[in-house]
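Here's the structure, in structure tokens; my notes come after.
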Amino acid sequence: MAIVEQYLTHSLFDRPLRSKSRISRVEGDDATVLRLEGLGLAPGRSVHVERKGDPFIVRVYGCRVGLAPALARSIHVDDF
Amino acid sequence: MAVTSEAMPRAAAQPTSSRILLVSNPNTGKTTLFNQLTGLRHKTSNFPGTTFEVRAGRVRIEGVEHDVYDMPGLYSLESGNEEERAAIEAINSPSDTTHRSDIVLLLLDATNLTRHLYLASQILELGKPVVIGLTMIDIAKKRGYRVDIDVLAEHLGCPVCPIVPRTGNGVPELLETCARTIDHPRPAPRPKLLKQTDGPAHALRYSWAETVNESSVIEPEETDDRFAQRLDAVLTHSVSGLLVFGLVMFGVFYLIFSLAALPMDLIDSFMGSVGGFVGRVLPEGPVRDMTVDGIIAGVGGVLVFLPQICILFFCISILEDSGYLARAACLMDRMLRHIGLPGKAFVPMLSAHACAIPGIMATRVIEDRRDRLVTILVLPLLTCSARLPVYAMLTALLFPSDPLKVALAFTAAYGLGIAAALGMAFLFRRTMVRTPTAPLMIELPSYKMPSLKTAFFASYDRGLVFVRKAGTVILAISVILWWLMSFPSYEPDAGVSESVASQQALEHSYAGRLGHGIEPVLSPLGYDWRIGVGIISSFAAREVLVSALSVIYGAGEEADDGSILLDRLHAAKRSDGTPVFTFATSASLLVFFVLAMQCLPTQAVTRRETGLWRWAALQWGYMTVLAYLGGLITYQGLSALGMG
């Protein structure tokens, strides 16, 4: 049970408010993934959830970014 | 800008000016800095050797003039739509022979350094001389950031100058540093990141960025920006957000229409005086008529809308600078994405309510190519300023002496334009452009007091672009239309008044004959051949309808007193004795003008921004069909209901 949970990844969308997460994987077409990278939303980077809603607001490297909820669902994170 | 010396004919001509490419993430103060450096000495034009437009200006450093280019904001040199890729290619390409060298002036935000260093890592790999401008240094200090400039410069391998674009602090030192770099250009050293382990490039870049940031910047304790959080919550909330949005939009439009009224009247009377003066000076004949009624009237017709456009872009700059626009885009995305438009499309849609031309150009902020295309295709359906004189005339015809109903009709016309635009966007997304809308991802910049100076510059820039793009085409068409409406010349019957003479001349002109020709097509919409002439002439510019109808219904060319025109139109009779402007006909004409594509400059700009005539032609085609159907349904429907 513990081993399974360890490898369970959530999407950013599911993370609680004010949580800090590390991005593991980003789903999407090339254009979207590249744009997210430019904003700091790339695998290995940390991201804070600031507001759960539409827009889904996150903070990455001190900068607030608004995302469509669908996009938040496609950003997968590890548990911290 | 080659400088030749007579004394040394063997020496090659050595250009002295360089190109300074201003590059940064969006929201970094790049545009503000550009304004600081170039003042009014700039214009919007193609980046040399390319098809994308930039703001280009000149800056004088130590006696030498250099060209400065305000490149589009970039987060990375990898992603991008066509415009961004063209910009990236321009940054990458070697300098042309008319310039000594290219230097990149890269701006980094001191309060957000790590993310900005992502782009920096890519720029530094280009092998070009780089000067770093560290912006927002005042805000950084206030928030408790402490940046060690020397350490940062050492890591980056190029000079770093702290600046505050808004006030101009640090700019002289920046220019001095640029001069040094131009004199002794040496390519910036590649950051030592890619020599490490294998791994995706983005991971290496961000690791490097984090390392550089850690050693150069002492960041304050991470505190929540409570103010921004609360304000964001309010502004993006379904209810409060929409309310604020509605108020802001209302405020903007109110400002546009109230403040523009006086300058518009002034321009109108000024052009009238110019026309009168030229009319007296030139000898009678076709040259005089063409100059006064074709050229001057045409130019005047374009210039009169300049105040509205300038005020609109002033307001948009203020909203963007304050940080509100990004939040509004989030709100709008929630609604527009179901139709197939991105939230960012609302800024072009707002602009299009003054004029579709700057609106179409404003679609550059939309990252996805197909999102941008759909937005451009539907933008001209939104009610622009040029339609307003037509609405005013037709609503007064529909509801004489009933200002409440006139106001409602006006609102309905605006609403019809918006509904049609949204509907067509939905349709396009289901048929021709079936890919899904790009998902919203937008940086929410810090809230700040907007700069009036930036807004004035924005307003000036957009105004100039409008005059150039709209003015040149409309001028040409006005002359052509004047010709169509004046030839072949007709000797009026003896002893008739001037207005009747004009009426008869127009009847027998090519335009008049065309009107007769298309009458069978227009009669299901309730129009007679004279309205047909009006419609034909308004294909140059919509507001021409008013003066064209004025002439053709015998109210003369000086339709300054609207009541004369309205009386004439009310009294106008068809050949069978029934009135021309019945309720159904007027309503149908109003619907037609809401939906019709009657602005050739718009087609030209569409062609330019999409790269293909096909889209401009589609735009014209579908809107003409839509307008025809709208007019038809309105006329037949109202007649059937007995309101004919």
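Points worth noting:
- Rounded Å value of the spacing that divides the Cα centres of the stretch A:5-80 and the stretch B:231-275: 37
- Length-normalised contact order for chain B - Cα pairs under 8 Å, 6+ apart - percent: 10
- Compared with the dominant principal axis of the Cα atoms in chain B, helix B:583-595 is inclined by about 20°.
- log10 of Debye I(q)/I(0), alpha-carbon scatterers only, for the protein assembly as shown at 0.08 Å⁻¹: -0.72
- Counted without the sites themselves, the longest stretch of chain B free of GluC sites (Glu not before Pro) in a DSSP loop having at most 15 other beta carbon atoms within 10 Å is B:285-556.
- Tilt relative to chain B, helix B:498-507 - C-alpha long axis, 0 to 90 degrees, to 10: 80
- Given chain B, longest segment not containing exposed loop trypsin sites (Lys or Arg not before Pro) (DSSP; at most 16 other Cβ within 10 Å): B:196-433
- Whether the stretch B:348-468 is rounded, prolate or oblate, judged on the alpha carbon gyration tensor where a/c under 1.5 counts as rounded: oblate
- Mean residue ellipticity at 222 nm, helices only, the protein assembly as shown: -17500 deg cm²/dmol; runs of at least 4 DSSP H residues each add -39,500 (n - 2.57), and the sum is divided by the number of residues.
- Shape of the stretch B:421-536 from the C-alpha gyration tensor: oblate (a/c of 1.5 or more and a/b not above b/c, with a ≥ b ≥ c the square roots of its eigenvalues).
- The lysines whose alpha-carbon is closer than 28 Å to the alpha-carbon of residue A:52, local same-chain residues fewer than 8 away aside, are A:20, B:344, B:448.
- 0 to 90° range, to nearest 10: angle between helix B:600-610 axis and chain B longest Cα axis: 30
- Cα gyration tensor, the stretch B:298-356 - rounded (a/c under 1.5), prolate or oblate: oblate
- Proximal lysines relative to residue B:405, as straight alpha-carbon distance under 29 Å, when same-chain residues fewer than 8 apart are discounted: B:573
- Once the C-beta distance of residue B:250 and residue B:392 is scaled by a Förster radius of 22 Å, the resulting FRET efficiency is 0.65 to the nearest 0.05.
Taken together, the values in this text are just the output of simple stated rules run on the coordinates, not laboratory data. Note that this is a predicted model, so its numbers are computed, not measured. As a convention, Cβ positions derive from the backbone with ideal geometry for all residues, glycine included, and neighbour counts pool all protein chains shown.
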